[in-house]
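To keep things clear, I will list the structure first and then write my remarks on it.
The values are calculated or read from the model by the stated rules, or taken from the named source; none is laboratory data. This structure is a prediction, so every number in the text was calculated from the model and none was measured. FYI the Cβ positions are ideal-geometry reconstructions off the backbone, even for glycines, and counts take in every protein chain you see. Each accessible area value is taken on the protein alone, full model and side chains, heavy atoms only, with ligands, DNA and RNA left out. Shrake-Rupley method; radii C 1.70, N 1.55, O 1.52, S 1.80 Å.
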Amino acid sequence: MNHRQLREILEQVAAGALPVEEAGRRLEDLPYEDLGFARLDHHRELRQGFPEVVFCGGKTPAQVALIFERLARRSDVVLATRATPEAFAAVRRVVPAARYEPAARCIVRGGSSPRPASRPALLVSAGTADLPVAEEARVCLEALGHPVTTLYDVGVSGLHRLLGHLELIRTSPVIIVVAGLEGALPSVVAGLTARPVIAVPTSVGYGASLGGLAALLAMLNGCAPGVAVVNIDNGYGAAAMASAILRTAEDADKEDGN
């Protein structure tokens with residue numbers, strides 16, 4: 001449930017169009033719904049601005065489908081990450097409007113209409129092998145209501161590909177940088193802009209990359225200031241942080257009357 005839905009219920013009660021008992025029934029699953037194997041946090045959108053996101057890893061397709069369907073009853077947008085085609089097939093049977101983003105491995109129900117006055121976030125990836133994580137970040141950001149500009153395959157082995165977009169880098173309100181191997185790209189980008197940079201290490205690389213650990217440590221030890229680092233392959237985490245930054249800026253603009 002979001003603020004709009006809650007306001008509609010309260011306005012209907014105030015106008016006498018909705019009995020108090022019916023309003024109570026609609027609200028009875030707040031703050032959570034117990035499914036036995038999962039407790040769905042229907043209150044999260046009221047607290048954080050976006051409903052609970054389903055992480056499909058470790059869940060059966062049937063569990064994913066039930067969770068997704070129950071969230072879809074109360075939220076305009078529902079998002080599931082790390083979803084398999086089998087999980088999507090199960091979800092589609094109970095939520096026909098759901099769609100699958102195979103590159104991002106995400107299931108989405110609902111539109112991606114931008115938030116009012118939302119400026120595009122910039123999403124940068126070092127190489128094509130990083131695209132699954134980058135696409136997860138893109139799909140999640142758009143589901144969160146933020147437009148996204150992408151700049152893919154601009155890693156440090158061909159730095160001229162990145163330097164041709166300096167104006168974009170310097171003016172984007174927040175930048176997500178996805179990179180594997182040695183993980184150098186976020187430091188380079190952060191050294192070119194005063195904007196906040198969110199670094200996402202990926203598990204891409206040969207043996208000594210240690211499944212992304214080398215990139216993670218490089219990003220944590222980068223010398224450029226203004227970089228936050230999320231976990232290995234965590235495109236959703238980067239999108240959530242970028243959304244928080246963008247929403248904070250939007251709230252500040254509203255308070256200033258812009």
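Side notes on the structure shown:
- Percent carbon-and-sulfur accessible area, segment 30-169, ignoring ligands, DNA and RNA, probe 1.4 Å: 55 percent
- For the residues R138, R47, R99, a 1.4 Å probe over the protein chains yields an accessible-area ranking, largest first, of R47, R99, R138.
- For S243, solvent-accessible area (1.4 Å; no DNA, RNA or ligand), Å²: 0 Å²
- Comparing I176, T128, S187 along the charge dipole axis of segment 108-187, the residue lying farthest to the positive side is I176, per the Cβ-charge model.
- The charge dipole of segment 47-95, taken about the Cα centre with unit charges on the Cβ atoms of Lys, Arg (+1) and Asp, Glu (-1), comes to about 80 debye, rounded to the nearest 20.
- Taking all protein chains together, E250, E22, E182, E167 sort by accessible area into E167, E182, E22, E250, largest first [probe 1.4 Å].
- For segment 167-258, the square roots a ≥ b ≥ c of the C-alpha gyration tensor eigenvalues yield an a/c of 1.5 or more together with a/b exceeding b/c, which makes the shape prolate.
- Accessible surface computed residue by residue for the chain, with neighbouring protein chains in place and a 1.4 Å probe, gives 48 Å² per residue.
- Size of charge dipole - the chain - debye, nearest 20, with Cβ of Lys, Arg +1 and Asp, Glu -1, no other charges: 300 debye
- Prolate/oblate/rounded call for segment 107-197, Cα gyration tensor, a/c under 1.5 rounded: oblate
- Relative contact order of the chain: 12 percent, from C-alpha pairs under 8 Å at least 6 residues apart in sequence.
- Of the residues C223, C106, ranked by 1.4 Å probe accessible area with the largest first, the sequence reads C223, C106.
- Near C106, the amide H atoms lying under 5 Å from its own belong to A83, E101; only residues 5 or more places off or on other chains count, and H is placed 1.01 Å from N.
- Expected 222 nm ellipticity per residue - DSSP helices of 4 or more, -39500 (n - 2.57), all of the chain, to 500: -12000 deg cm²/dmol
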